[in-house]
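Down below is the structure, laid out as structure tokens.
Any read-out appearing in this document is the output of simple, stated calculations on the displayed coordinates, not a laboratory observation. None of the values given here were measured: they were computed from a predicted structure. Heads up, the Cβs are rebuilt from the backbone with ideal geometry, glycines too, and the neighbour counts pull from every protein chain shown.
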Amino acid sequence: MRNVDKGFMTAVAISALACALSAHPALAADATQASAGTRSDGTEVQAVTLKAANGVSATILTYGATLWKLMAPDRNGKVADVLVAYGDLAAFEKKPNFWGATIGRYGNRIAGGKFTLDGKTYQLPQNDHGQSLHGGGKGFDVQNWKLESVKSGKVAKAVFSLVSPDGDSGYPGTVKVTATYSLDESGNLQIVFDATTDKPTVLNLTNHALFNMAGEGSERDATTNVLTIPASRYTPVDDKLIPTGELRAVAGGPFDFTKPKAVAVGLRNGRDQQIVYGRGFDHNFALDKGQTSTPRLSARLEDPVSGRVLEVLSTEPGVQFYSGNFLDGTLVGKQGHLYRMGDGIALEPQKFPDGPNHPDFPSTRVDPGKPYRHVMIYRVTTSPR
């Protein structure tokens, strides 16, 4: 009888434990950490992988707080990496391309690498087009961030931090930044950028991931993806891709993505001067939602064949759509794939390009005691056949 009682009690205990584990939300998403290699200066780079219950996973490098891999199941459960990127750390260092990186201090372009704040003009490093791009100089994308914490749970999370000193790449103020990546059990990858400054400055932080929802290296390039952008206006640019200041209606032209259409439609429309300037799409869309307190839809991207869907949500008023126009077949990425134009596209939630030089654009100013925050979400799902 005692043996029966012991067996019964053991069974009860196991059953209770199983129920507790299945009901415990903290086991729904996992976070693991591993070395990704060593930089040329001897600094070790860490890789954190967040994995959700539905098969979605994301791998983030401390180098550039970079979203390196985003694994997404199709409607049949087949998983593919949907991010265009280099396959190893050495390639990231050899020829930086912003792929998947956290961009700062200022995402996108600033004309002449110059802006004026409170009567003082600040000069930033310029590229070969005479402008500042994605922060200029030693941007956030090429710095090794500190990994503050890694946590599994109902929401798996990794927190990365960086201190940008006063005068860094010409920008005023010491800025302390965190990039928090979190993945829930449904496959929502949230990125929260928080920052403080000790002097008035400008900030525009975003992520520069390049997507192909058919899968990185697929025979179907990203121009076959179907895109929706809920924006009735965009910001036209000059021949240096600097906004003119105009907000132009998208209706009736190649920039109208208010209804779903393939990226390829209008991509090579040489009759549209804006397409000629950008060599395709490389423009900011003024989202109809504007600046919001909580993330709202900024873009939707779908591969109709596999059914993989990406929804980009953000609190920011704009999204830069870049159709991979400068991928020229000279760069080798993951799995030895050679990347060419249209193999990946970027959808970067942001304030507007050259914002500090356009008073009518949404303000990019950040002051002491008034922290900066940008919340964005990459929501990975599937569509029915």
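In terms of the Cα gyration tensor, with a ≥ b ≥ c the square roots of its eigenvalues, is segment 111-265 rounded because a/c is under 1.5, prolate because a/b exceeds b/c, or oblate? Can you show the working numbers first?
Values: a/c = 2.06, a/b = 1.11, b/c = 1.87.
Verdict is oblate for segment 111-265.
Would you mind working out the magnitude of the charge dipole of segment 199-255 relative to its Cα centre, with +1 at each Lys and Arg C-beta and -1 at each Asp and Glu C-beta, to the nearest 20 Debye? Let's see the in-between values first.
On the way: 5 positive and 6 negative charges, 62 e Å.
In total the dipole reaches around 300 debye.
Taking a label point 7 Å from the Cα of A34 along the Cα→Cβ vector, which residues of segment 42-79 have an amide N closer than 16 Å to it?
45-52, 57-62, 68-71
Determine the gain in length on full extension of the stretch T116-A53; use 0.36 nm per residue of separation and subtract their C-alpha separation, reporting nm with one decimal. Kindly include the intermediate steps, with their values, before the conclusion.
Numbers: separation 63, 0.36 × 63 = 22.68 nm, distance 4.82 nm.
Extending this stretch completely gives an extra 17.9 nm.
Would you give the gap between the C-alpha center of segment 334-385 and the C-alpha center of segment 101-126, rounded to a whole Å?
Between the Cα centre of segment 334-385 and that of segment 101-126, the gap is 17 Å.
Give me the net charge for the shell around G173: Cβ to Cβ below 13 angstrom, other residues only, Lys and Arg +1, Asp and Glu -1. Spell out each step's value before the answer.
Working: positive: R105, K120, K176, K199, R365, K370; negative: D118, D166, D168, D198, D367.
Result for the local shell: +1.
So what J values fall out for segment 350-359 if you push phi through Karplus, 6.51 cos²θ - 1.76 cosθ + 1.60 with θ = phi - 60°, rounded to Hz, Gly and Pro as x?
Rounded to whole hertz, the list is 5, 6, 7, x, 6, x, x, 9, 10, x.
Leaving out same-chain residues fewer than 8 places away, which lysines sit with a Cα under 24 Å from that of K157?
Result set, ordered by chain and number: K51, K69, K146, K176.
Which of P172, S186, G270 sits closest to the plus end of the dipole of the chain, meaning its Cα is farthest towards the positive end, when Lys and Arg get +1 and Asp and Glu get -1 on the C-beta?
Going by the Cα projections, it comes out as S186.
Return the whole-Å distance between the Cα centroid of segment 184-242 and the Cα centroid of segment 248-323.
Using only Cα atoms, the two centres lie 10 Å from each other.
Highest mean first, how do 178-187, 218-227, 28-37, 164-173 rank when packing is the count of other Cβ atoms within 10 Å averaged over residues? Walk me through the intermediate numbers first.
On the way: 178-187: 21.4, 218-227: 19.9, 28-37: 16.2, 164-173: 18.3.
Per-residue mean Cβ counts within 10 Å order the peptides as 178-187, 218-227, 164-173, 28-37.
Taking 0.36 nm per residue of separation and subtracting the Cα-Cα distance, what length does fully extending K259 through E246 add? Mind dumping the intermediate values first?
Values: separation 13, 0.36 × 13 = 4.68 nm, distance 2.27 nm.
Between K259 and E246, full extension yields an extra 2.4 nm.
Mind ordering 141-150, 280-289, 64-73 by average Cβ neighbours within 10 Å, highest first? The partial results should precede the final answer.
Numbers: 141-150: 17.8, 280-289: 22.8, 64-73: 25.6.
Averaged packing, sorted descending, gives the order 64-73, 280-289, 141-150.
First check a/c for segment 30-382, with a ≥ b ≥ c the square roots of the eigenvalues of its C-alpha gyration tensor; if it is under 1.5, answer rounded, and if not, answer prolate when a/b is larger than b/c or oblate otherwise. Show your work: numbers first, answer last.
Working: a/c = 1.42, a/b = 1.05, b/c = 1.35.
Rounded, since a/c falls under 1.5.
Quick one: dipole size for the chain, taken about the Cα centre, charges +1 on Lys/Arg Cβ and -1 on Asp/Glu Cβ, in debye to the nearest 20.
Numbers: 41 positive and 38 negative charges, 128 e Å.
So the magnitude is around 620 debye.
I'd like the orientation of helix 2-23 relative to the chain: the angle between its Cα long axis and the longest Cα principal axis, in ° from 0 to 90, rounded to 10.
Helix 2-23 sits at roughly 10 degrees to that axis.
Indicate the gyration tensor shape class of segment 45-120 (rounded, prolate or oblate), computed on the Cα atoms with a ≥ b ≥ c the square roots of the eigenvalues: a/c under 1.5 is rounded; otherwise a/b larger than b/c is prolate and the rest oblate. Mind dumping the intermediate values first?
Values: a/c = 2.75, a/b = 2.16, b/c = 1.27.
Here segment 45-120 falls in the prolate category.
Would you pull out the residues with amide H under 5 Å of D343's amide H, same chain only if 5 or more places away, H placed 1.01 Å from N?
Hits under the 5 Å cutoff: A222.
Run the count for segment 230-385, please: Lys pairs, Cα-Cα under 25 angstrom, 8 or more apart or on different chains. Let's see the in-between values first.
On the way: K240/K351; K259/K289; K259/K351; K261/K289; K261/K351; K289/K351; K289/K370; K351/K370.
Summing the qualifying lysine pairs gives 8.
Fewest to most neighbouring Cβ within 10 Å: what's the order for E93, E246, E216, E316?
Numbers: E93 16, E246 11, E216 24, E316 27.
Placing the least packed residue first, the sequence is E246, E93, E216, E316.
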